[in-house]
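Undergrad: First the structure, which I've put down as structure tokens, then a few questions once you've had a look.
The values are calculated or read from the model by the stated rules, or taken from the named source; none is laboratory data. For clarity, every value in this text was computed on a predicted model and none was experimentally measured. Because the Cβ atoms are built from the backbone with ideal geometry, glycine has one as well, and the counts that use them run over all protein chains shown.
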Amino acid sequence: MTASPDTYPFPLGPVGEPPEAYARLRGHRPVSQVRMPSGDTAWYVTGYAEVEQALGDPRLSRAALREPGAPRVIPGPDFGDNPYNLLSQEGPDHQRLRRLISPAFTPRKAEALRARVAQIANELIDELTADRERADLHRDYAVELPVRVIAEMLGARAAELGKLQEWTDRLVSITAHTDAERLQAREESAAYIAALVAERRARPGEDLLSALITARDDQDRLDERELVWLGINILVAGHDTTVSAISRGLFMLLGHPEQWRQLVDRPELLAHATEELLRYAPPSEIGFLRIATEDTEIGGCPVAKGEGVIPVMHAAGRDHRELGDPDVLDLTRPREEAGRHLAFGHGPHYCPGAGVARMELQVAFGQLARRLPKLTLAVPPEQVEWIGGLLTLRPRELPVVW
């Protein structure tokens, strides 16, 4: 244990960059101890190889967060406390729930959705550009696109999801909200999904929630609480990281005008550019705490049974040991380097919606580059305010002109 652990979470770097402490830790102690807001300590993992190892180690458990005396990120109620939360399960139950939702997020399903997502993106751009020359690209595009997509997939009406971002921010906050606000968001979102389940039972559709209800009612593969929480997981995870990835990616592109011009002039770079943006500016600000269920080691550092470990996907893509000039955004970076990121995780908790998320990002960036090639930030990059204390990183607003 270090004599004086760093304090977690770290302050953000300038203009939406990762905390400056990450470079120091990767260079000297890629596995180091931090003190969390709860007062407990955990091992903080920032190097690419070390993060990948930690994410894939079955001895580091999310389910063990509920064990008595386990380290906690915050002293009050936390997103990991709920045993029905997919992100807080391990083993057979985790695999069973993932199998139920995975068919809706395969690469083939993603491609089948691409035309509809492009249609939504173009509708949003039409709304953006109607009778004005300035907009908040975060609120009016980066939020709206994933919300409308996940609403259609789940069988909800997008107009009903006005509180979705507010619920999400409170559910996954670290320091940005109070215990009471987190509990209220849990209750309100659960009540919304329960009401939607009742509606879909009465009038089934072709959506994902109707399919999950069938698994619950006809095949007894879900209990009612699992069903509600799977719905919450899909709503939250199905849009929140994508919102942040779109906002951060657009900010970085517009903050590097030569890279935006590359994308405008060379649309064939789109898929490759999306991977580079995920490497350079991934959506997650911090990482999910795990608990060691037995003695292990990460990158040569001993981790004792019962200790906490936080693999930081946000830090891994900037590891100088893995690629050249990682702090440079380069849409023409060699493919094997651009794809050297852990934005969707690794191992058993690898994001099941990665294929759909990639497609949404490609559409989001590509349609703007095609429709608004002269898009620029309306303010200097340093004037854009970033919201910290959440599991994902996003600007408060992203003002642009075209």
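Undergrad: Test each condition in (1) free of Cβ contacts under 8 Å to residues at least 60 places away in the same chain; (2) part of a loop (DSSP other than H, G, I, E, B) for ARG261 and report the one that comes out false.
TA: All conditions pass for ARG261, except number (2).
Undergrad: If you go through the stretch 354-383 one residue at a time, how many are closer than 23 Å to TYR48 by Cβ and crowded, with 23+ Cβ neighbours inside 10 Å?
TA: 2
Undergrad: Among the residues of the stretch 232-254, are any crowded, with 19+ Cβ neighbours inside 10 Å, modelled with pLDDT of 85 or more, closer than 30 Å to TYR280 by Cβ and among the acidic types (Asp, Glu)?
TA: Yes, the stretch 232-254 contains a residue that is crowded, with 19+ Cβ neighbours inside 10 Å, modelled with pLDDT of 85 or more, closer than 30 Å to TYR280 by Cβ and among the acidic types (Asp, Glu).
Undergrad: Would you check which residues across the stretch 1-54 are in a helix (DSSP H, G or I) and among the charged types (D, E, K, R) and list them?
TA: ARG24, ARG26, GLU50, GLU52
Undergrad: For residues that are in contact with a Phe, Trp or Tyr (Cβ under 6 Å, 6 or more places away or on another chain) and either of a type in the set (Ser, Thr, Tyr) or at positive phi (or both), tally how many sit in the stretch 1-59.
TA: Final tally of qualifying residues: 3.
Undergrad: TYR84 is checked against (1) under 30 Å from ARG216 (Cβ atoms); (2) in a helix (DSSP H, G or I) and fails just one. What number does that condition carry?
TA: Unmet for TYR84, out of (1) under 30 Å from ARG216 (Cβ atoms); (2) in a helix (DSSP H, G or I): (2).
Undergrad: Which of the residues spanning the stretch 178-221 are touching a Pro at 6+ places or on another chain (Cβ under 8 Å) and within 13 Å of ALA156 (Cα to Cα)?
TA: Residue satisfying the conditions is SER210 alone.
Undergrad: So, one more: Mind listing whichever residues of the stretch 119-151 are acidic (Asp, Glu), buried (at least 17 other Cβ atoms within 10 Å of the Cβ) and touching a helix residue (DSSP H, G or I) at 6+ places or on another chain (Cβ under 8 Å)?
TA: Result: ASP140, GLU144.
Undergrad: Of all helices (runs of 4 or more DSSP H) completely enclosed by the stretch 103-195, which ones contain at least 3 residues that are of a type in the set (S, T, N, Q)?
TA: Filter on the stretch 103-195 gives 107-129.
Undergrad: Exactly one of (1) of a type outside the set (A, V, I, L, M, F, W, C); (2) exposed (fewer than 15 other Cβ atoms within 10 Å of the Cβ); (3) at pLDDT 85 or above is unmet by TYR192. Its number?
TA: Against the list (1) of a type outside the set (A, V, I, L, M, F, W, C); (2) exposed (fewer than 15 other Cβ atoms within 10 Å of the Cβ); (3) at pLDDT 85 or above, TYR192 comes up short only on (2).
Undergrad: Give the stretch 65-81 a look and list any residue that's surrounded by 17 or more Cβ atoms within 10 Å (Cβ to Cβ) and assigned to a helix (DSSP H, G or I), or say none.
TA: Of everything in the stretch 65-81, those that are surrounded by 17 or more Cβ atoms within 10 Å (Cβ to Cβ) and assigned to a helix (DSSP H, G or I) turn out to be LEU65, PHE79, GLY80.
Undergrad: In this structure, is PRO373 at pLDDT 95 or above and part of a loop (DSSP other than H, G, I, E, B)?
TA: yes
Undergrad: Check off (1) at pLDDT below 95; (2) within 19 Å of ALA354 (Cβ to Cβ) for LEU145 and give me the number that stays unchecked.
TA: All conditions are met except number (1).
Undergrad: Additional query: Go over the candidates LEU323, LEU331 one by one and state the one that is touching a helix residue (DSSP H, G or I) at 6+ places or on another chain (Cβ under 8 Å), free of Cβ contacts under 8 Å to residues at least 60 places away in the same chain and either within 30 Å of LEU263 (Cβ to Cβ) or crowded, with 17+ Cβ neighbours inside 10 Å (or both).
TA: Just a single option satisfies the conditions, and that option is LEU323.
Undergrad: Could you tell me whether any residue of the stretch 228-239 is among the polar types (S, T, N, Q), more than 24 Å from ARG186 (Cα to Cα) and either assigned to a helix (DSSP H, G or I) or over 27 Å from the mean Cα position of the chain (by Cα) (or both)?
TA: The answer is no, given that none of the residues of the stretch 228-239 is among the polar types (S, T, N, Q), more than 24 Å from ARG186 (Cα to Cα) and either assigned to a helix (DSSP H, G or I) or over 27 Å from the mean Cα position of the chain (by Cα) (or both).
Undergrad: Another question, then. Mind checking which strands (runs of 3 or more DSSP E) fall wholly inside the stretch 264-315 and carry at least 1 residues that are touching a strand residue (DSSP E or B) at 6+ places or on another chain (Cβ under 7 Å) and farther than 19 Å from PRO5 by Cβ?
TA: The strands (runs of 3 or more DSSP E) meeting that bar are 296-298.
Undergrad: Quick check on the stretch 161-171. Is at least one of its residues of a type in the set (Val, Ile, Thr) and over 18 Å from the mean Cα position of the chain (by Cα)?
TA: No, the conditions are met nowhere in the stretch 161-171.
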